[in-house]
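Undergrad: Pasting a structure below so you can have a look.
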Amino acid sequence: MPLCYYRQHLQKKRERQVFAAPPEEMGLSSSSITKDPPATPSWFTPERLLILFCVINMINYVDRGVIASNGVNGSIRTCDDKGICTSGSGIQGEFDLTNFQDGLLSSAFMVGLLVASPIFASLTKSHHPFRLIGVGLSVWTLAAAGCGGAFSFWFIAICRMLVGVGEASFISLAAPFIDDSAPVSQKTAWLAMFYMCIPTGIAVGYVYGGFVGSQFNWRYAFWGEALLMLPFAVFGFAFEPLQLKDSEASKLHDNILVGADSMSVDELKKTSKSVNIHNMLNQFSQFAEDMKALLVDKVYAVNIFAGYIAYNFVIGAYSYWGPKAGYNIYHMENADMMFGGITIVCGILGTLSGGFILDRLSASIYKAFILLSGATCLGAIFCFLAFCLRSLYGFIVFFALGEFFVFATQAPVNYVSLHCVKPSLRPLSMAISTVSIHIFGDVPSSPLIGVLQDNINNWRASALILTSILFLAAGIWFIGVSLHSDDASNDRSESQVCTVTVDNGTPLLYGNGDESSYEA
(Lines give C-alpha, C1' and ligand atoms only; values in the text may rest on other atoms or scores of the structure.)
Protein backbone atom coordinates (compact mmCIF):
# COMPACT_ATOMS: atom_id res chain seq x y z
CA MET A 1 0.00 0.00 0.00
CA PRO A 2 1.66 3.26 -1.07
CA LEU A 3 2.09 5.97 1.49
CA CYS A 4 1.00 8.79 -0.85
CA TYR A 5 0.41 9.83 -4.41
CA TYR A 6 2.39 12.51 -6.17
CA ARG A 7 1.61 16.09 -5.25
CA GLN A 8 -0.42 16.78 -8.37
CA HIS A 9 -2.67 13.80 -7.66
CA LEU A 10 -3.35 15.08 -4.17
CA GLN A 11 -3.99 18.53 -5.58
CA LYS A 12 -6.60 17.16 -7.98
CA LYS A 13 -8.21 15.23 -5.13
CA ARG A 14 -8.41 18.39 -3.05
CA GLU A 15 -9.93 20.32 -5.95
CA ARG A 16 -12.60 17.67 -6.44
CA GLN A 17 -12.90 17.26 -2.65
CA VAL A 18 -13.22 13.55 -3.22
CA PHE A 19 -11.76 10.88 -0.96
CA ALA A 20 -12.02 7.16 -1.37
CA ALA A 21 -14.43 6.94 1.55
CA PRO A 22 -16.05 9.45 3.88
CA PRO A 23 -14.34 9.84 7.25
CA GLU A 24 -17.44 8.65 9.06
CA GLU A 25 -17.29 5.26 7.35
CA MET A 26 -13.78 4.74 8.70
CA GLY A 27 -14.70 5.66 12.23
CA LEU A 28 -13.15 9.10 11.98
CA SER A 29 -14.60 12.48 12.78
CA SER A 30 -14.43 15.09 10.08
CA SER A 31 -12.57 17.37 12.47
CA SER A 32 -9.66 14.93 12.63
CA ILE A 33 -8.79 15.61 9.00
CA THR A 34 -7.13 18.79 7.82
CA LYS A 35 -7.24 19.22 4.07
CA ASP A 36 -5.40 22.50 3.79
CA PRO A 37 -2.55 24.20 5.62
CA PRO A 38 -3.65 26.48 8.43
CA ALA A 39 -4.67 29.97 7.48
CA THR A 40 -2.07 32.68 7.55
CA PRO A 41 -2.00 34.26 11.02
CA SER A 42 -3.70 37.62 10.86
CA TRP A 43 -0.80 39.43 12.56
CA PHE A 44 1.56 38.60 9.70
CA THR A 45 1.41 40.92 6.74
CA PRO A 46 4.18 41.13 4.12
CA GLU A 47 5.20 44.54 5.43
CA ARG A 48 5.43 43.35 9.04
CA LEU A 49 7.40 40.29 8.03
CA LEU A 50 9.87 42.51 6.14
CA ILE A 51 10.25 44.79 9.16
CA LEU A 52 10.74 41.82 11.49
CA PHE A 53 13.48 40.30 9.34
CA CYS A 54 15.12 43.69 8.81
CA VAL A 55 15.37 44.35 12.56
CA ILE A 56 16.85 40.90 13.23
CA ASN A 57 19.33 41.37 10.40
CA MET A 58 20.20 44.81 11.72
CA ILE A 59 21.00 43.54 15.22
CA ASN A 60 23.07 40.71 13.76
CA TYR A 61 25.26 43.16 11.86
CA VAL A 62 25.37 45.65 14.73
CA ASP A 63 27.34 42.90 16.44
CA ARG A 64 29.84 42.90 13.55
CA GLY A 65 30.28 46.65 13.91
CA VAL A 66 30.59 46.44 17.69
CA ILE A 67 33.54 44.05 17.66
CA ALA A 68 35.25 46.13 14.96
CA SER A 69 34.76 49.49 16.68
CA ASN A 70 37.72 51.17 18.35
CA GLY A 71 35.81 51.43 21.61
CA VAL A 72 35.34 47.65 21.84
CA ASN A 73 38.16 46.25 19.72
CA GLY A 74 40.62 48.74 21.21
CA SER A 75 44.35 48.81 20.54
CA ILE A 76 47.44 46.88 21.52
CA ARG A 77 49.96 48.06 24.13
CA THR A 78 52.69 50.18 22.48
CA CYS A 79 56.07 51.60 23.51
CA ASP A 80 58.03 54.43 21.89
CA ASP A 81 61.78 54.79 21.39
CA LYS A 82 62.20 56.35 24.83
CA GLY A 83 60.69 53.33 26.51
CA ILE A 84 57.47 55.08 27.40
CA CYS A 85 54.61 52.60 27.03
CA THR A 86 50.92 53.19 26.50
CA SER A 87 48.58 50.58 27.91
CA GLY A 88 46.28 48.88 25.44
CA SER A 89 42.52 49.25 25.42
CA GLY A 90 39.45 47.20 24.61
CA ILE A 91 39.59 43.52 23.70
CA GLN A 92 42.98 43.73 21.99
CA GLY A 93 44.59 45.53 24.91
CA GLU A 94 42.97 43.50 27.69
CA PHE A 95 43.95 40.14 26.22
CA ASP A 96 47.21 41.44 24.64
CA LEU A 97 46.36 40.21 21.13
CA THR A 98 48.42 40.54 17.97
CA ASN A 99 46.72 41.90 14.84
CA PHE A 100 46.44 38.32 13.56
CA GLN A 101 44.69 37.13 16.74
CA ASP A 102 42.52 40.21 16.69
CA GLY A 103 41.53 39.46 13.10
CA LEU A 104 40.62 35.89 14.06
CA LEU A 105 37.94 37.18 16.42
CA SER A 106 36.11 38.81 13.52
CA SER A 107 36.22 35.51 11.62
CA ALA A 108 35.47 33.05 14.42
CA PHE A 109 31.71 33.23 13.88
CA MET A 110 32.28 31.44 10.57
CA VAL A 111 32.97 28.14 12.33
CA GLY A 112 29.45 28.04 13.74
CA LEU A 113 27.96 29.38 10.53
CA LEU A 114 29.72 26.79 8.38
CA VAL A 115 28.61 23.86 10.53
CA ALA A 116 25.07 25.02 11.23
CA SER A 117 23.93 26.55 7.91
CA PRO A 118 23.51 23.30 5.90
CA ILE A 119 21.89 21.68 8.94
CA PHE A 120 19.30 24.43 9.38
CA ALA A 121 18.65 24.60 5.62
CA SER A 122 17.91 20.85 5.56
CA LEU A 123 15.81 20.88 8.74
CA THR A 124 13.45 23.50 7.27
CA LYS A 125 11.99 20.70 5.13
CA SER A 126 10.88 18.69 8.16
CA HIS A 127 10.69 21.07 11.12
CA HIS A 128 8.86 24.25 12.05
CA PRO A 129 11.07 26.97 10.48
CA PHE A 130 10.31 29.72 13.00
CA ARG A 131 11.06 27.32 15.83
CA LEU A 132 14.47 26.76 14.24
CA ILE A 133 14.98 30.52 14.09
CA GLY A 134 14.00 30.73 17.75
CA VAL A 135 16.58 28.10 18.67
CA GLY A 136 19.30 29.82 16.67
CA LEU A 137 18.58 33.29 18.01
CA SER A 138 18.55 31.92 21.56
CA VAL A 139 22.05 30.58 20.99
CA TRP A 140 23.03 33.95 19.48
CA THR A 141 21.73 35.81 22.55
CA LEU A 142 23.61 33.59 25.00
CA ALA A 143 26.79 33.79 22.92
CA ALA A 144 26.66 37.61 22.75
CA ALA A 145 26.22 37.75 26.52
CA GLY A 146 29.15 35.33 26.85
CA CYS A 147 31.36 37.71 24.83
CA GLY A 148 30.66 40.38 27.43
CA GLY A 149 31.70 38.04 30.23
CA ALA A 150 34.79 36.64 28.46
CA PHE A 151 37.84 36.01 30.65
CA SER A 152 40.30 34.86 27.97
CA PHE A 153 40.99 35.00 24.24
CA TRP A 154 39.80 31.42 23.68
CA PHE A 155 36.57 31.93 25.61
CA ILE A 156 35.55 34.96 23.56
CA ALA A 157 36.62 33.13 20.38
CA ILE A 158 34.27 30.23 21.22
CA CYS A 159 31.44 32.67 21.92
CA ARG A 160 32.05 34.28 18.53
CA MET A 161 31.72 30.84 16.93
CA LEU A 162 28.34 30.33 18.60
CA VAL A 163 27.17 33.70 17.28
CA GLY A 164 27.51 32.14 13.82
CA VAL A 165 25.09 29.37 14.80
CA GLY A 166 22.41 31.96 15.47
CA GLU A 167 22.97 33.66 12.13
CA ALA A 168 22.77 30.29 10.34
CA SER A 169 19.21 29.70 11.56
CA PHE A 170 18.10 32.98 10.00
CA ILE A 171 19.89 33.41 6.69
CA SER A 172 18.34 30.41 4.91
CA LEU A 173 14.75 31.60 5.32
CA ALA A 174 14.65 35.39 5.34
CA ALA A 175 15.37 36.09 1.66
CA PRO A 176 12.98 33.40 0.27
CA PHE A 177 10.17 34.71 2.51
CA ILE A 178 10.77 38.28 1.37
CA ASP A 179 10.91 37.20 -2.28
CA ASP A 180 7.56 35.44 -1.84
CA SER A 181 5.88 38.28 0.03
CA ALA A 182 7.04 41.24 -2.06
CA PRO A 183 4.90 42.68 -4.87
CA VAL A 184 6.06 41.38 -8.25
CA SER A 185 7.24 44.79 -9.41
CA GLN A 186 9.15 45.48 -6.17
CA LYS A 187 10.92 42.20 -5.37
CA THR A 188 14.43 43.59 -5.76
CA ALA A 189 13.52 46.76 -3.88
CA TRP A 190 12.30 44.69 -0.92
CA LEU A 191 15.48 42.62 -1.00
CA ALA A 192 17.39 45.91 -1.06
CA MET A 193 15.60 47.04 2.10
CA PHE A 194 16.58 43.81 3.82
CA TYR A 195 20.23 43.89 2.73
CA MET A 196 20.42 47.60 3.48
CA CYS A 197 20.53 46.46 7.11
CA ILE A 198 24.03 45.04 6.56
CA PRO A 199 25.93 48.32 6.08
CA THR A 200 23.52 50.15 8.36
CA GLY A 201 23.92 47.60 11.14
CA ILE A 202 27.71 47.61 10.88
CA ALA A 203 27.75 51.40 10.94
CA VAL A 204 25.41 51.59 13.93
CA GLY A 205 27.65 49.02 15.61
CA TYR A 206 30.69 51.27 15.06
CA VAL A 207 28.95 54.20 16.71
CA TYR A 208 27.31 52.17 19.48
CA GLY A 209 30.46 50.20 20.28
CA GLY A 210 32.63 53.29 20.21
CA PHE A 211 30.34 55.20 22.56
CA VAL A 212 29.73 52.37 25.06
CA GLY A 213 33.37 51.30 25.02
CA SER A 214 34.67 54.80 25.68
CA GLN A 215 32.03 55.82 28.22
CA PHE A 216 31.63 52.58 30.16
CA ASN A 217 33.39 49.33 29.24
CA TRP A 218 33.58 47.24 26.07
CA ARG A 219 31.76 44.36 27.81
CA TYR A 220 28.54 46.40 28.19
CA ALA A 221 28.26 46.70 24.40
CA PHE A 222 27.81 42.92 24.05
CA TRP A 223 25.37 42.68 26.95
CA GLY A 224 23.28 45.44 25.39
CA GLU A 225 22.95 43.73 22.02
CA ALA A 226 22.07 40.44 23.73
CA LEU A 227 19.13 42.17 25.44
CA LEU A 228 18.02 43.60 22.07
CA MET A 229 17.96 40.16 20.43
CA LEU A 230 16.21 38.34 23.29
CA PRO A 231 12.61 39.34 22.32
CA PHE A 232 13.13 38.03 18.79
CA ALA A 233 14.41 34.70 20.09
CA VAL A 234 11.17 34.41 22.11
CA PHE A 235 9.20 35.53 19.04
CA GLY A 236 10.53 32.55 17.07
CA PHE A 237 8.85 30.17 19.53
CA ALA A 238 5.65 32.14 20.10
CA PHE A 239 4.33 33.01 16.64
CA GLU A 240 3.24 31.06 13.60
CA PRO A 241 4.83 32.16 10.32
CA LEU A 242 3.74 32.61 6.74
CA GLN A 243 3.93 29.81 4.20
CA LEU A 244 6.54 29.55 1.47
CA LYS A 245 5.08 29.33 -2.02
CA ASP A 246 7.00 26.12 -2.77
CA SER A 247 5.65 24.24 0.24
CA GLU A 248 4.89 20.55 -0.03
CA ALA A 249 1.44 18.97 -0.34
CA SER A 250 -0.98 19.63 2.51
CA LYS A 251 -0.85 17.40 5.54
CA LEU A 252 -3.55 15.37 7.22
CA HIS A 253 -3.82 15.22 11.02
CA ASP A 254 -4.25 11.95 12.94
CA ASN A 255 -5.28 9.86 9.88
CA ILE A 256 -4.03 9.77 6.30
CA LEU A 257 -6.31 8.94 3.37
CA VAL A 258 -4.47 7.45 0.45
CA GLY A 259 -6.23 6.12 -2.64
CA ALA A 260 -8.90 3.73 -1.45
CA ASP A 261 -7.22 3.00 1.86
CA SER A 262 -6.63 4.79 5.16
CA MET A 263 -4.10 4.53 7.94
CA SER A 264 -4.77 5.03 11.61
CA VAL A 265 -2.27 6.83 13.76
CA ASP A 266 -1.11 3.59 15.39
CA GLU A 267 -0.64 1.89 12.02
CA LEU A 268 1.31 4.85 10.68
CA LYS A 269 3.54 4.93 13.76
CA LYS A 270 4.35 1.24 13.30
CA THR A 271 5.09 1.80 9.62
CA SER A 272 7.18 4.84 10.44
CA LYS A 273 9.64 2.81 12.47
CA SER A 274 10.48 0.65 9.47
CA VAL A 275 10.93 3.56 7.09
CA ASN A 276 12.74 5.96 9.43
CA ILE A 277 16.23 4.88 8.41
CA HIS A 278 15.24 4.82 4.76
CA ASN A 279 13.82 8.31 5.14
CA MET A 280 17.04 9.64 6.67
CA LEU A 281 19.05 8.15 3.82
CA ASN A 282 16.67 9.79 1.36
CA GLN A 283 17.20 13.15 3.06
CA PHE A 284 20.98 12.83 2.81
CA SER A 285 20.63 11.75 -0.81
CA GLN A 286 18.37 14.71 -1.57
CA PHE A 287 20.82 17.09 0.10
CA ALA A 288 23.65 15.70 -2.03
CA GLU A 289 21.57 16.13 -5.19
CA ASP A 290 20.66 19.69 -4.23
CA MET A 291 24.31 20.54 -3.58
CA LYS A 292 25.30 19.07 -6.94
CA ALA A 293 22.62 21.16 -8.67
CA LEU A 294 24.09 24.33 -7.14
CA LEU A 295 27.70 23.45 -7.89
CA VAL A 296 27.09 22.70 -11.59
CA ASP A 297 24.94 25.78 -12.15
CA LYS A 298 27.25 28.15 -14.05
CA VAL A 299 25.24 31.26 -13.22
CA TYR A 300 25.22 30.46 -9.50
CA ALA A 301 28.92 29.54 -9.54
CA VAL A 302 30.00 32.78 -11.24
CA ASN A 303 27.73 34.88 -9.05
CA ILE A 304 28.64 33.37 -5.67
CA PHE A 305 31.75 31.19 -5.85
CA ALA A 306 33.72 33.80 -7.80
CA GLY A 307 32.33 37.34 -7.87
CA TYR A 308 30.62 37.56 -4.48
CA ILE A 309 33.52 35.89 -2.67
CA ALA A 310 36.04 38.39 -4.06
CA TYR A 311 33.67 41.25 -3.25
CA ASN A 312 33.19 40.11 0.36
CA PHE A 313 36.91 39.61 0.84
CA VAL A 314 37.24 43.38 0.46
CA ILE A 315 34.05 44.37 2.31
CA GLY A 316 34.90 42.14 5.27
CA ALA A 317 38.35 43.69 5.70
CA TYR A 318 36.92 47.19 5.20
CA SER A 319 34.32 46.67 7.91
CA TYR A 320 36.82 45.31 10.44
CA TRP A 321 40.00 47.29 9.77
CA GLY A 322 38.41 50.47 8.34
CA PRO A 323 38.26 52.52 11.56
CA LYS A 324 41.78 51.50 12.57
CA ALA A 325 43.19 52.24 9.09
CA GLY A 326 41.46 55.62 9.03
CA TYR A 327 42.81 56.44 12.46
CA ASN A 328 46.39 55.63 11.42
CA ILE A 329 46.37 57.08 7.87
CA TYR A 330 44.41 60.29 8.44
CA HIS A 331 44.73 60.56 12.25
CA MET A 332 40.97 60.59 12.73
CA GLU A 333 40.20 61.19 16.37
CA ASN A 334 36.66 59.89 15.88
CA ALA A 335 37.27 57.13 13.33
CA ASP A 336 34.30 55.08 14.58
CA MET A 337 31.90 57.97 14.08
CA MET A 338 33.42 58.91 10.72
CA PHE A 339 33.29 55.44 9.19
CA GLY A 340 29.95 54.75 10.82
CA GLY A 341 28.41 57.91 9.37
CA ILE A 342 29.77 57.29 5.87
CA THR A 343 28.63 53.67 5.90
CA ILE A 344 25.13 54.49 7.18
CA VAL A 345 24.44 57.15 4.55
CA CYS A 346 26.14 55.50 1.58
CA GLY A 347 25.09 51.99 2.57
CA ILE A 348 21.41 52.92 2.75
CA LEU A 349 21.39 55.04 -0.40
CA GLY A 350 23.54 52.62 -2.40
CA THR A 351 21.67 49.45 -1.42
CA LEU A 352 18.23 50.96 -2.04
CA SER A 353 19.37 52.49 -5.33
CA GLY A 354 20.65 49.15 -6.62
CA GLY A 355 17.33 47.49 -5.85
CA PHE A 356 15.11 50.23 -7.28
CA ILE A 357 17.22 50.59 -10.44
CA LEU A 358 17.05 46.85 -11.15
CA ASP A 359 13.26 46.90 -10.66
CA ARG A 360 12.91 49.87 -13.02
CA LEU A 361 14.91 47.95 -15.61
CA SER A 362 12.41 45.04 -15.30
CA ALA A 363 14.60 42.81 -13.18
CA SER A 364 16.32 39.87 -14.86
CA ILE A 365 19.48 37.90 -14.19
CA TYR A 366 21.15 39.36 -17.30
CA LYS A 367 20.48 42.95 -16.19
CA ALA A 368 21.51 42.13 -12.63
CA PHE A 369 24.95 41.01 -13.84
CA ILE A 370 25.35 44.24 -15.84
CA LEU A 371 24.52 46.28 -12.75
CA LEU A 372 26.83 44.17 -10.56
CA SER A 373 29.81 44.58 -12.87
CA GLY A 374 29.33 48.30 -13.54
CA ALA A 375 28.63 49.34 -9.95
CA THR A 376 31.55 47.32 -8.55
CA CYS A 377 33.98 48.75 -11.11
CA LEU A 378 32.95 52.33 -10.31
CA GLY A 379 33.13 51.61 -6.59
CA ALA A 380 36.63 50.16 -6.96
CA ILE A 381 37.85 53.24 -8.86
CA PHE A 382 36.55 55.72 -6.28
CA CYS A 383 37.78 53.72 -3.26
CA PHE A 384 41.24 53.25 -4.80
CA LEU A 385 41.53 56.98 -5.52
CA ALA A 386 40.34 57.77 -1.98
CA PHE A 387 43.25 55.91 -0.36
CA CYS A 388 45.69 57.58 -2.77
CA LEU A 389 44.73 61.04 -1.53
CA ARG A 390 46.56 62.75 1.32
CA SER A 391 43.69 65.06 2.22
CA LEU A 392 41.20 63.79 4.78
CA TYR A 393 38.33 65.67 3.13
CA GLY A 394 39.24 64.33 -0.31
CA PHE A 395 39.33 60.84 1.15
CA ILE A 396 35.87 61.25 2.68
CA VAL A 397 34.29 62.42 -0.61
CA PHE A 398 35.84 59.72 -2.82
CA PHE A 399 35.40 56.93 -0.28
CA ALA A 400 31.72 57.89 0.17
CA LEU A 401 31.17 57.68 -3.59
CA GLY A 402 32.99 54.35 -3.69
CA GLU A 403 30.85 52.90 -0.89
CA PHE A 404 27.69 54.10 -2.62
CA PHE A 405 28.49 52.09 -5.77
CA VAL A 406 29.89 49.12 -3.87
CA PHE A 407 26.72 48.70 -1.78
CA ALA A 408 24.49 49.06 -4.87
CA THR A 409 25.35 45.41 -5.57
CA GLN A 410 23.61 43.94 -2.49
CA ALA A 411 20.13 43.51 -3.95
CA PRO A 412 21.18 42.38 -7.47
CA VAL A 413 23.60 39.72 -6.26
CA ASN A 414 20.97 38.15 -4.00
CA TYR A 415 18.32 38.47 -6.70
CA VAL A 416 20.50 36.29 -8.93
CA SER A 417 20.99 33.75 -6.13
CA LEU A 418 17.23 33.43 -5.62
CA HIS A 419 16.18 33.37 -9.27
CA CYS A 420 18.81 31.15 -10.89
CA VAL A 421 17.64 28.10 -8.90
CA LYS A 422 14.36 26.23 -8.50
CA PRO A 423 12.08 27.34 -5.65
CA SER A 424 12.83 24.34 -3.45
CA LEU A 425 16.56 25.15 -3.62
CA ARG A 426 16.25 28.75 -2.45
CA PRO A 427 16.90 28.15 1.28
CA LEU A 428 19.95 26.02 0.49
CA SER A 429 21.07 28.53 -2.15
CA MET A 430 21.08 31.36 0.40
CA ALA A 431 22.74 29.19 3.04
CA ILE A 432 25.56 28.05 0.74
CA SER A 433 25.94 31.61 -0.54
CA THR A 434 26.43 32.95 2.97
CA VAL A 435 28.75 30.12 3.99
CA SER A 436 30.87 30.52 0.84
CA ILE A 437 31.29 34.29 0.98
CA HIS A 438 32.28 34.07 4.62
CA ILE A 439 34.61 31.08 4.56
CA PHE A 440 36.44 32.22 1.41
CA GLY A 441 35.74 35.97 1.64
CA ASP A 442 35.49 38.08 4.78
CA VAL A 443 36.65 35.36 7.19
CA PRO A 444 40.20 35.00 5.82
CA SER A 445 40.44 38.65 4.75
CA SER A 446 40.59 40.11 8.28
CA PRO A 447 43.47 37.96 9.59
CA LEU A 448 45.27 38.06 6.21
CA ILE A 449 45.20 41.84 6.08
CA GLY A 450 46.34 41.78 9.71
CA VAL A 451 49.35 39.65 8.70
CA LEU A 452 50.02 41.94 5.72
CA GLN A 453 49.97 44.99 7.98
CA ASP A 454 52.20 43.29 10.55
CA ASN A 455 54.81 42.75 7.81
CA ILE A 456 54.70 45.99 5.80
CA ASN A 457 53.51 48.30 8.61
CA ASN A 458 51.84 50.68 6.14
CA TRP A 459 48.06 51.03 6.36
CA ARG A 460 47.80 53.01 3.11
CA ALA A 461 49.59 50.32 1.11
CA SER A 462 47.51 47.59 2.78
CA ALA A 463 44.29 49.44 1.90
CA LEU A 464 45.31 49.91 -1.76
CA ILE A 465 46.25 46.24 -2.15
CA LEU A 466 42.91 45.23 -0.62
CA THR A 467 40.87 47.63 -2.76
CA SER A 468 42.39 46.33 -6.02
CA ILE A 469 40.55 43.01 -5.47
CA LEU A 470 37.27 44.82 -6.25
CA PHE A 471 38.41 45.09 -9.87
CA LEU A 472 38.66 41.29 -9.93
CA ALA A 473 35.08 40.97 -8.64
CA ALA A 474 33.81 43.39 -11.31
CA GLY A 475 35.54 41.37 -14.05
CA ILE A 476 34.09 38.08 -12.82
CA TRP A 477 30.54 39.46 -12.68
CA PHE A 478 31.00 40.80 -16.24
CA ILE A 479 31.52 37.18 -17.35
CA GLY A 480 28.03 36.43 -16.02
CA VAL A 481 26.51 38.78 -18.61
CA SER A 482 27.38 36.29 -21.37
CA LEU A 483 25.94 33.25 -19.58
CA HIS A 484 22.56 31.71 -20.42
CA SER A 485 20.44 32.88 -17.52
CA ASP A 486 16.78 31.88 -17.53
CA ASP A 487 14.77 32.70 -14.41
CA ALA A 488 14.18 29.36 -12.69
CA SER A 489 12.26 30.72 -9.69
CA ASN A 490 8.89 29.66 -11.18
CA ASP A 491 10.05 26.26 -12.40
CA ARG A 492 7.63 23.62 -11.14
CA SER A 493 9.02 20.71 -13.16
CA GLU A 494 11.11 19.34 -10.31
CA SER A 495 10.24 15.87 -9.08
CA GLN A 496 7.18 15.79 -6.89
CA VAL A 497 7.42 14.27 -3.42
CA CYS A 498 4.61 14.28 -0.95
CA THR A 499 5.06 13.97 2.75
CA VAL A 500 2.95 12.03 5.21
CA THR A 501 2.95 13.57 8.64
CA VAL A 502 1.82 12.47 12.05
CA ASP A 503 0.49 15.36 14.09
CA ASN A 504 2.22 15.74 17.43
CA GLY A 505 0.40 18.84 18.55
CA THR A 506 2.53 21.40 16.69
CA PRO A 507 0.89 23.40 13.89
CA LEU A 508 1.74 22.13 10.42
CA LEU A 509 3.31 25.04 8.60
CA TYR A 510 5.12 25.56 5.33
CA GLY A 511 3.63 22.33 4.10
CA ASN A 512 6.05 20.44 6.32
CA GLY A 513 5.39 18.55 9.47
CA ASP A 514 7.43 18.34 12.57
CA GLU A 515 9.62 15.46 13.56
CA SER A 516 7.55 12.70 11.99
CA SER A 517 7.84 13.25 8.23
CA TYR A 518 8.15 10.38 5.81
CA GLU A 519 8.84 10.69 2.11
CA ALA A 520 7.71 8.18 -0.51
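Undergrad: Starting from the 7 Å offset along Cα-to-Cβ, what nm value, one decimal, do you get for the label separation of residue 289 and residue 483?
TA: Calculated label separation equals 2.3 nm.
Undergrad: Toward the positive end of the charge dipole of region 293-488, about the Cα centre and with charges on Cβ (Lys, Arg +1; Asp, Glu -1), which of 340, 371, 452 goes farthest?
TA: 371
Undergrad: Moving to a separate point now. Measuring with a 1.4 Å probe in the full set of protein chains, what accessible area per residue, in whole Å², belongs to region 293-488?
TA: Dividing the accessible area of region 293-488 by its residue count gives 37 Å².
Undergrad: When ranked by the protection proxy of mean other Cβ atoms within 10 Å per residue, highest first, what sequence do the peptides 470-480, 90-100 form?
TA: 470-480, 90-100
Undergrad: Also, I was wondering about something else. Roughly speaking, what is the stretch gain from residue 345 to residue 461, that is 0.36 nm per residue apart minus the C-alpha to C-alpha distance, in nm to one decimal?
TA: This chain segment gains 39.1 nm when fully extended.
Undergrad: What order do 484, 128 take when sorted by accessible area (1.4 Å probe), most exposed first?
TA: Correct descending sequence by accessible area is 484, 128.
Undergrad: Could you work out the equivalent-ellipsoid semi-axes for region 293-488, taking the square root of 5 times each eigenvalue of the Cα gyration tensor, largest first, in whole Å?
TA: Square roots of five times the eigenvalues give 30, 18, 13 Å.
Undergrad: Determine the alpha carbon to alpha carbon distance for each of 292/422; 292/367; 187/298 and list only those over 18 Å.
TA: 292/367; 187/298
Undergrad: Top to bottom by accessible area (1.4 Å), largest first, where do 422, 298 land?
TA: 298, 422
Undergrad: Rounded to the nearest whole Å³, what is the per residue volume of the convex hull around the Cα atoms of region 317-417?
TA: 84
Undergrad: Next question. To the nearest 0.05, how large is the calculated FRET efficiency for residue 55 and residue 227 if R₀ is 22 Å and r is the Cβ-Cβ distance?
TA: FRET efficiency, residue 55 to residue 227: 0.95.
Undergrad: Using the alpha carbons of region 85-228, what is the convex hull volume per residue in cubic angstrom, as a whole number?
TA: Hull volume over Cα atoms, normalised by residue count, gives 124 Å³.
Undergrad: Another question, then. So how do 188, 45 rank on accessible area, 1.4 Å probe, biggest first, that is with the largest at the start?
TA: Listed by decreasing accessible area, they come as 45, 188.
Undergrad: Could you check how much of the accessible area of region 293-488 is carbon and sulfur, as a whole percent, using a 1.4 Å probe?
TA: Carbon plus sulfur share of accessible area: 70 percent.
Undergrad: Can you give me the distance in nm between label points at residue 154 and residue 469, each placed 7 Å from the Cα along the Cα-to-Cβ direction?
TA: Modelled inter-label distance: 2.9 nm.
The values are calculated or read from the model by the stated rules, or taken from the named source; none is laboratory data. As the structure is a computational prediction, the values presented were derived from the model and not from experiment. Counting neighbours? That spans all protein chains shown, and the Cβs are built from the backbone with ideal geometry, glycine included. Please note that ligands, DNA and RNA were not included when accessible areas were found on the heavy atoms of the full protein model with its side chains. Shrake-Rupley method; radii C 1.70, N 1.55, O 1.52, S 1.80 Å.
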